[in-house]
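Please read the structure below before turning to the comments.
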Amino acid sequence: MDTQWPRWEVFKKDTAKKPYQAVGSVHAADADHALLNARNVFVRRPQAVSLWVAPAAVIFSRTAEQLEQGNPLPDVDQSVQQTYQIFRKATHRRSMTFMDHIGQVEAPSPAHALQAAIAQFPDPPALAWWIIPADQIISSGEDREMAAAWFDPAKTKTYKHQSAYGFVSARPQGRRRSGAKDE
Amino acid sequence: MTKINEMTMNDEKQTAEFEARIARGEKIEAGDWMPEAYRKQLIRMISQHAHSEYIGMLPEGKWIPHAPSLRRKMILIAKVQDEAGHGQYLYHAAETLGATREEMMDAFLTGKAKYSSIFNYPSDTWADVGMIGWLVDGAAIRNQTMLAQCSYGPYSRAMVRICAEETFHHKQGKEMVLLYAHGTPKQREMVQDALNRYWWPSLMMLGPHDADSPNTPQLVRWGIKTKTNDEVRQEFIAETAPELLAAGLTIPDPELHFDEESGQWIHGPIDWDEFWQVVRGNGPCNAERLGARRQAHEDGAWVREALNGYAQKALST
Ligand SMILES: [Fe+2]
Ligand SMILES: [Fe+2]
């Protein structure tokens, strides 16, 4: 018996200027539950203005290696278009994120959307793609008040940042910046 | 016969391609082809790592009500909460390999799965909180920085995220220890006592000597580990020992010295009997820790029940 709730991929947007980035996944019964888990697991630190979640099962994913075998297009009605969000992995560099959101295309199928994305976003070359129907992505919302309630509490907790401690060293050249003399 | 040969050939070819990918520095992602042994090793390592984060909340969590200032209390709450979060990142990473949360929890609660030996030592005084931050989180960062290079994408990314947070754990502990090392005689005595108890277990937690770690070469070849236990331990001592000494503390190893010729710190013999005793469940706090974890799991039953009720409704609509 499968007791596992569906897996959802989580995308976090750190600032208004940054793209949504895949940060990991959570198991959840529905989108609201997934968003709540995503917030608890991935936003214990500041730098978030919004979250997206999408069921892992609806993601059309292709690696560069797979695409060497081609990208067969299904025979579908070209007049029925829908919006797909495009995510790309462009580097093997060490990182805490996976795919970056780079834009959206209109297409009649995920494979068609991928074909359009390859033409539209050639640089840098992709190592892997994720194509997700826009209507399957659920956002924590653009609402300012909601965003503040979800993401602002972490902002004032500066003691969670290693930078709050400056350079901590026992060596003579190390200048200690310590606020606590009350112990 | 032919079929088996073909399968083996195919397997060998795939393994060769897989190893070539790792050699090129590519990350292996969930769903990519991987040898069964690679998948199993990763599930074992990642879930043990997750259990360690969870158990790691206990020795320090005990001190939250007794923090000497509001600032220290907020820091400690945040740190313990981070450890729970690290457990979550890691369980999710293991789940991408096909392990289920139930299997992992079950192995943890029944004592089948291991977790880091270090958390089976008691936290006797408030100064232990500082020493754990400096030494235990410090040793963990050394290990985790290495694992952040690992070939499995989801594990590597979880490690990068965890290391960024661990640096806060490390610094707050070090800051506290240094403050006390330069503080009142009583404070100095407390941190020295904490160092006496935590130095050796911190060296042990980085694992057996290379000669006694038969799995290491395979793990290195597959890019799961990129350094051996002894290499990581050496890095840890080189980073920590000079600073502890500069703080006026005494490291409880009369043989510890810096060897100019090799540029290495030479330490006295590690008591591996003690290490294996702790790993096999006979450390000072094994029973207490696992008991507390089981109790917490039982106490959380109503939350799982409520969520299941919600899920049944959500999934049937
Ligand atoms: Fe941690
Ligand atoms: Fe930590």
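The values are calculated or read from the model by the stated rules, or taken from the named source; none is laboratory data. Just so it is clear, the structure is predicted and the values come from calculations on it, not from any experiment. For neighbour counting, all protein chains shown are included, and Cβ atoms are generated from backbone atoms with ideal geometry for every residue, glycine included. Calculation scope for accessible area: heavy atoms of the full protein, side chains included, ligands and nucleic acids excluded. Shrake-Rupley method; radii C 1.70, N 1.55, O 1.52, S 1.80 Å.
Accessible surface calculations at 1.4 Å, restricted to protein heavy atoms, place the range B:11-316 at 42 Å² per residue. Across peptide A:71-83, the average count of Cβ atoms from other chains found within 10 Å of a residue's Cβ is 0. Out of the total accessible area of chain A (probe 1.4 Å, heavy atoms of protein only), what percent is carbon and sulfur? The nonpolar share, carbon plus sulfur, comes to 51 percent. What does the charge add up to near B:Gly268, with Lys and Arg as +1, Asp and Glu as -1, over the other residues with Cβ less than 10 Å from its Cβ? Within the 10 Å Cβ shell, the charges total -3.
Of the solvent-accessible surface of the range B:1-146, computed with a 1.4 Å probe and all protein chains present, 59% belongs to carbon and sulfur. Averaging the sequence gap over all C-alpha pairs within less than 8 Å and six or more residues apart, then dividing by the number of residues, gives the range B:11-316 a relative contact order of 19 percent. Each of A:Ala119 and A:Gln47 was given a label point 7 Å from its Cα along the Cα-to-Cβ line. The distance between the two points is 3.7 nm.
Highest GNM mean-square fluctuation, chain B, Cα pairs closer than 10 Å: which of B:Glu260, B:Glu235, B:Glu19? Maximum among the listed residues: B:Glu260. Only Cα pairs within less than 10 Å get springs; with that Gaussian network setup on chain A, which residue of A:Ala64, A:Ala117, A:Ala31 has the largest fluctuation? Highest fluctuation of the listed residues: A:Ala64.
In the range B:75-102, burial by the other protein chains removes 50 Å² or more of accessible area from B:Tyr89, B:His92, compared with the chain on its own (1.4 Å probe, ligands and nucleic acids ignored).
Of B:Lys114, B:Lys225, B:Lys40, the order by accessible heavy-atom surface (1.4 Å probe, DNA, RNA and ligands excluded), from most exposed downward, is B:Lys40, B:Lys114, B:Lys225. Relative contact order, whole percent, for chain A stands at 23, derived from Cα pairs under 8 Å and 6 or more residues apart. Label positions at B:Glu17 and B:His66, each projected 7 Å from the Cα along the C-beta direction, are separated by 5.9 nm. The overall shape of chain B is oblate: from the C-alpha gyration tensor, with semi-axes ordered a ≥ b ≥ c, the ratio a/c is 1.5 or greater and a/b is no larger than b/c. Per-residue extension of 0.36 nm, minus the Cα-Cα distance of A:Tyr159 and A:Gln136, leaves a gain of 4.6 nm for this segment. With a 1.4 angstrom probe, the accessible area lost at the B-A interface totals about 4400 Å². Working from the Cα coordinates of the range A:7-157, the gyration tensor eigenvalues give, after taking √(5λ), semi-axes of 29, 17, 13 Å in decreasing order. Per residue of A:140-153, other chain Cβ atoms within 10 Å of the residue Cβ number 0 on average. Treating r as the C-beta distance of B:Arg304 and B:Glu261 and R0 as 60 Å, the FRET efficiency rounds to 0.55. Computed over chain B, the per-residue total of -39500 (n - 2.57) for DSSP H runs of n ≥ 4 gives a 222 nm mean residue ellipticity of -21500 deg cm²/dmol, rounded to 500. Pop the C-beta distance of A:Val58 and B:Ser316 into the FRET formula with R0 = 22 Å and round what comes out to the nearest 0.05. FRET efficiency, A:Val58 to B:Ser316: 0.70.
Give, ordered by residue number, each residue of the range A:95-133 whose 1.4 Å probe accessible area is reduced by a minimum of 20 Å² on adding the remaining protein chains to the chain alone. Buried on complex formation: A:Ser95, A:Met96, A:Phe98.
For B:Ala247, the shell of other residues with beta-carbons less than 10 Å away shows a net charge of +2, using +1 for Lys and Arg and -1 for Asp and Glu.
Extension gain for the segment A:Gln78 to A:Lys18, taken as residue separation times 0.36 nm less the Cα-Cα distance, is 18.3 nm to one decimal.
Could you point to the residue in B:Ala301, B:Asn229, B:Met131 farthest towards the positive end of the range B:11-316's charge dipole, with +1 and -1 charges on the Cβ of Lys/Arg and Asp/Glu respectively? Highest projection toward the positive end goes to B:Ala301. Taking a straight line from the alpha carbon of A:Lys160, these lysines sit under 17 Å away, with near neighbours fewer than eight places off in the same chain left out: B:Lys73, B:Lys79, B:Lys171, B:Lys174.
Averaging 1/r across all pairs of distinct Cα atoms in the protein assembly as shown and inverting the result yields a Kirkwood radius of 24.8 Å. Normalised per residue, the accessible area of chain A is 53 Å², obtained with a 1.4 Å probe and no contribution from ligands, DNA or RNA. Across the range B:235-317, the mean sequence separation of Cα contacts (distance under 8 Å, 6 or more residues apart), normalised by length, yields a relative contact order of 13 percent.
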